[in-house]
Amino acid sequence: MQISRYDDYGSMSVKAAEFVANEIIAKPNLILGLPTGATPIGMYRKLIFMYERDKITFKEVKTFNLDEYYPIKRTSKHSYYKFMFDKFFKGIDIHGENINIPDGEAKNPVAEAASYEEKLANVGYADLMVLGVGANGHIGFNEPAEVMKANTHVELLSENTKEQNARFFNSADDVPEEAITMGMGSIMRSRKILLLVSGETKQEALAALNRGIITPKIPVTYLLLHRDVTVLTDI
Ligand code: GLP
């Protein structure tokens with residue numbers, strides 16, 4: 001695991017965008033795993049800028065988002081579906097059929113999770129998985145627990161996560177109870193991982209990586225088992 005520290009959020013985001021762009025240039029039909037949250041917004045902006053300057057094209061790229069709230073309407077201003085279109089997809093030349101996001105409107109979320117995992121398996125999992133991290137060390141919505149689920153599944157959100165994510169809603173009570181998320185196995189099967197750690201609230205998660213101890217109580221520590229992880233941080 002290589003950890004690189006940047007002076008500020010802007011320079012970390014530029015580096016993250018360059019990292020992703022280089023992967024796309026090397027493999028135009030990249031399978032790209034993507035996160036939501038405040039952390040990757042700067043990277044998405046910079047990638048749009050690079051696309052507008054003809055530095056990269058997403059024509060052959062396939063994306064797989066990490067997670068989505070459940071239940072949630074795609075049109076809800078809080079859905080990750082809407083977030084991804086607003087912050088990224090509408091600014092680039094990706095084809096709609098190459099975008100994959102767990103369906104927060106699915107009638108049966110368990111079946112949706114299984115079919116999402118199958119779609120990932122069919123493409124051989126991500127070539128590059130970009131990740132953020134929750135203040136409690138969660139990855140996607142894999143919450144701290146006694147055990148971790150390997151595959152895409154339905155997860156009950158922790159109180160901590162609901163409080164953290166309340167900043168995007170009116171209150172913690174408005175945050176959906178559940179989410180559909182890739183499991184730690186779905187994530188670890190990626191060939192390469194880029195983890196972005198931004199903001200003071202993530203200090204504990206970063207410290208856990210530096211300690212080098214793997215525990216499901218801090219899900220991000222599972223990444224210590226992966227052979228190709230780059231961490232970019234501004235803290
Ligand atoms: C959410 C997402 C995670 C994300 C985390 C951190 O809970 N499910 O994938 O990494 O928030 O978000 P932020 O970048 O806003 O701190």
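The values are calculated or read from the model by the stated rules, or taken from the named source; none is laboratory data. Please read these numbers as outputs of a predicted model, since none were measured by experiment. Quick reminder, even Gly has a Cβ in these numbers, built from the backbone with ideal geometry, and neighbours come from all protein chains shown. For the accessible areas, the whole protein counts, side chains as well, though only heavy atoms, and no ligand, DNA or RNA atoms are used. Shrake-Rupley method; radii C 1.70, N 1.55, O 1.52, S 1.80 Å.
Each Lys or Arg adds one and each Asp or Glu subtracts one; over the other residues with Cβ under 9 Å from the Cβ of N100, this totals +2. Sparse packing (at most 16 other Cβ atoms within 10 Å of the Cβ) combined with a DSSP loop state is found for the following GluC sites (Glu not before Pro) in segment 161-207: E177.
Shown here for segment 1-86: trypsin sites (Lys or Arg not before Pro) in loop regions (DSSP other than H, G, I, E, B) with at most 16 other Cβ atoms within 10 Å, namely R53, K55, K59, K73, R74, K77. Positive end of the dipole of the chain (Cβ unit charges, origin at the Cα centre): among G10, G104, G140, the Cα lying farthest that way belongs to G10. Cross-link check: pairs K59/K162; K46/K107; K55/K149; K55/K82; K87/K162; K15/K107 evaluated at a Cα-Cα cut-off of 31 Å; pairs beyond the cut-off: K59/K162; K46/K107; K55/K149; K15/K107. Averaging sequence separations of C-alpha pairs under 8 Å and six or more residues apart, then dividing by the length of segment 54-114, give the relative contact order as a whole percent. Relative contact order comes out at 44 percent. Here each label is just a point 7 Å from Cα along the line to Cβ, and for K27 and R227 those points are 1.4 nm apart. Taking the Cα centre of segment 15-98 as origin and assigning +1 to Lys and Arg Cβ atoms and -1 to Asp and Glu Cβ atoms, the resulting dipole is close to 240 debye. Counting only other residues whose beta carbon sits under 13 Å from that of M148, what net charge do I get with K and R as +1, D and E as -1? Taking every Cβ under 13 Å from that of M148, the sum is -1. Taking the dipole about the Cα centre of the chain, with the C-beta of Lys and Arg at +1 and of Asp and Glu at -1, give me whichever of P40, N22, F64 is farthest to the positive side. Working it through, the farthest residue towards the positive pole turns out to be N22.
So between E146 and A166, what do we pick up on full extension, going 0.36 nm a residue minus the alpha carbon distance? Provide the component values of the computation, followed by the final result.
On the way: separation 20, 0.36 × 20 = 7.20 nm, distance 2.49 nm.
Using 0.36 nm per residue and subtracting the Cα-Cα distance, I get 4.7 nm.
Site pair I235 and T201 shows an inter-label distance of 1.0 nm when each label is modelled 7 Å from Cα along Cα→Cβ.
Could you tell me what % of all Cα pairs in the chain have separations over 21 Å? Don't jump to the answer; show the numbers that get you there.
Details: 14609 of 27495 pairs.
The calculated P(r) of the chain puts 53 percent of pairs beyond 21 Å.
Inverting the pair-averaged 1/r between distinct Cα atoms of segment 5-114 gives 14.7 Å as its Kirkwood hydrodynamic radius. Put simply, the C-alpha atoms of segment 81-216 give a gyration tensor, and the ellipsoid matching it has half-axes of 23, 19, 17 Å, longest first.
Just flag the GluC sites (Glu not before Pro) in segment 15-79 sitting in loop per DSSP whose Cβ has no more than 14 other Cβ atoms within 10 Å.
Working: sites: E18, E23, E52, E60, E68; in loops: E60.
In loop regions of segment 15-79 (DSSP not H, G, I, E or B), the sparsely surrounded GluC sites (Glu not before Pro) are E60.
Here segment 73-118 is assigned +1 on the Cβ of each Lys and Arg and -1 on the Cβ of each Asp and Glu. Its dipole about the Cα centre then comes out at about 380 debye.
Net charge dipole, the chain: roughly 600 debye, given to the nearest 20, about the Cα centre with Cβ charges of +1 for Lys and Arg and -1 for Asp and Glu. Largest GNM mean-square fluctuation among G33, G96, G183, using the chain with Cα springs under 10 Å: G96. Span-like helix criteria (full DSSP H runs; alpha carbon extent of at least 15 Å along the helix axis; mean Kyte-Doolittle hydropathy of at least 1.6) are satisfied in the chain by no helix. Exposure check, 1.4 Å probe, all protein chains in place: L209 carries approximately 10 Å² of accessible surface. What net charge do the residues around L128 carry, taking every other residue with its C-beta under 15 Å from that of L128, with Lys and Arg at +1 and Asp and Glu at -1? With Lys, Arg at +1 and Asp, Glu at -1, the neighbours total +2.
In this simple spin-label model, placing a label point 7 Å from the Cα along the Cα-to-Cβ direction at both R74 and I213 gives a separation of 4.5 nm.
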